[in-house]
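Notes follow the structure.
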Amino acid sequence: MMDHIKNFINGKFTDPVSGKYLDVYEPATGEIYCRTPASGKNDVEEAYIAAQSAFPSWSQMPVDERADILDAIANGIEADFDTLAAAESRDTGKPVSLARSVDLPRAISNFHTFADMVRKFNGQKFESKEFGSNTINYEPLGVVGCISPWNLPLYLFSWKIAPALATGNCVIGKPSELTPFTAQELGRISKSAGLPDGVLNIIHGSGPEAGSAITTHPGIKAISFTGGTKTGAIISRAVAPHFKKLSLELGGKDPVIVCDDADIEVIANYLFGLPGDDHESMQKTLDLSLELCTLAWNAYPVMALPGSELYKQAKETGEKLPE
């Protein structure tokens with residue numbers, strides 16, 4: 001029987017209000033391996049009510065207690081390391097070795113890092129001999145929305161969720177509908193780690209339906225989004241009338257300017273380095289199917305440097321890569 005992923009609302013796994021689901025494909029085979037909720041406004045409203053109800057007690061919980069729960073979530077991910085790495089590989093099509101070396105370690109680190117940060121995080125006070133003192137106090141916003149992409153599912157989802165939780169906010173998160181499995185597992189792990197019900201709610205579905213319902217909800221105070229530039233523009237227009245805080249990490253690849261005094265061989269190895277070189281950009285590019293926002297992607301030689309020479313050296317370097 002095919003697995004059905006569920007929304008995680010108020011500490012419970014629930015079916016979408018509409019009863020509708022989206023197919024999830026395994027890239028390696030092209031086969032449908034599970035179905036994920038096609039959530040919409042009603043699901044987001046349920047999540048918001050749960051998050052808003054949980055906010056007073058969570059935001060007032062002693063910082064050390066919140067941090068301890070984040071550490072427990074990190075430990076829960078580590079305890080299920082092999083299972084989660086296999087799920088990440090199946091969802092994205094990346095090698096399981098990459099999920100084990102990048103995705104899972106970073107997700108674990110995200111929760112530990114922000115737990116440590118919030119333990120040391122205090123308000124700032126500025127003294128002035130003439131005008132007295134000014135104090136900056138940091139307070140949680142309330143309910144925030146975190147929307148993450150498909151290429152690094154748990155890594156980027158946790159990178160948004162961990163700091164929001166650490167600082168006393170409640171979260172409505174939406175993973176990509178293409179790679180939803182580890183987000184569901186994060187709900188289970190969070191529950192087992194002692195995270196109070198309603199503090200983290202995970203809604204599955206498409207951007208135009210579930211994502212839009214999150215970004216336009218009047219009670220959600222901030223949005224963090226990683227994804228395409230066009231979608232980022234839509235979100236910007238949607239949140240502006242509500243004066244929501246907004247964090248966007250959008251598409252595009254990093255340009256590299258190659259000056260005319262550059263060593264062509266060094267530059268080629270930097271852009272397309274062989275495994276074992278100081279720079280393994282090409283191998284990372286291939287491992288991630290050309291999908292990573294920090295990859296050096298476009299090289300622009302200045303006029304005095306023949307582009308053909310850089311291309312020739314890069315081609316020779318690329319041909320040495322193992323199959």
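The values are calculated or read from the model by the stated rules, or taken from the named source; none is laboratory data. Treat the numbers as computed from the prediction; the structure is a model and nothing was measured. FYI the Cβ positions are ideal-geometry reconstructions off the backbone, even for glycines, and counts take in every protein chain you see. Ligands, DNA and RNA are stripped out before the accessible areas are found, and what is left, the full protein with its side chains, is counted by its heavy atoms. Shrake-Rupley method; radii C 1.70, N 1.55, O 1.52, S 1.80 Å.
For C34, which sequence-distant residues (separation of 5 or more, or a different chain) have an amide H within less than 5 Å of its own amide H, given hydrogens modelled in the peptide plane?
Those lying under 5 Å, H to H, from C34 are V24.
By how many nm would the segment from D261 to N42 lengthen if fully extended, with 0.36 nm per residue of separation less the alpha-carbon distance?
Going from the current span to full extension adds 72.9 nm.
Under 5 Å between amide H atoms, partner at least 5 residues away or on a different chain: which partners does Y21 have, H built in plane at 1.01 Å?
Those qualifying (amide H under 5 Å, at least 5 residues apart or on another chain) are A38.
Return the whole-Å distance between the Cα centroid of the stretch 206-256 and the Cα centroid of the stretch 135-168.
Each part reduced to its Cα centre gives a spacing of 14 Å.
Run the numbers for I49 and L248: contour at 0.36 nm per residue of separation, minus the present Cα-Cα distance, in nm.
69.1 nm
In the neighborhood of E65, defined by Cβ-to-Cβ distances under 15 Å, what is the net charge if each Lys or Arg adds +1 and each Asp or Glu adds -1?
-2
Over 21 Å between C-alpha atoms is what I'm after, so list which of K12/K94; K174/K245; K191/K244; K6/K41; K41/K244; K12/K221 land there.
Result: K12/K94; K191/K244; K12/K221 exceed 21 Å.
Once the other residues with Cβ under 12 Å from the Cβ of G40 are scored (Lys, Arg +1; Asp, Glu -1), what is the net sum?
Numbers: positive: K20, K41, K174; negative: D43, E45, E46, E209.
Result for the local shell: -1.
Can you pull the percent of the stretch 160-214's accessible area that's carbon plus sulfur, 1.4 Å probe, other chains left in place?
Looking at the stretch 160-214 in its full context, I get 55 percent from C and S.
In what sequence, highest mean first, do 176-185, 33-42 appear when ranked by Cβ atoms within 10 angstrom?
Going from most to least packed, we get 176-185, 33-42.
For labels at S97 and D197 in the simple 7 Å Cα→Cβ model, what's the distance in nm?
The answer from the label model is 4.6 nm.
Subtracting the Cα-Cα distance from 0.36 nm times the residue separation, let me have the gained length for R237 to T14 in nm, one decimal. Intermediate results must be reported in sequence, preceding the final value.
Details: separation 223, 0.36 × 223 = 80.28 nm, distance 3.11 nm.
In short, 77.2 nm is gained.
What FRET efficiency, computed as 1/(1 + (r/R0)^6) with R0 = 45 Å and r the Cβ-Cβ distance, is obtained for E26 and T135, rounded to the nearest 0.05?
That gives a FRET efficiency of 0.25.
What's the local net charge at K12, with K and R +1, D and E -1, over the other residues with C-beta under 12 Å away?
Details: positive: K6, R188, K191; negative: D15, E46, D197.
Neighbour charge sum, excluding K12 itself: 0.
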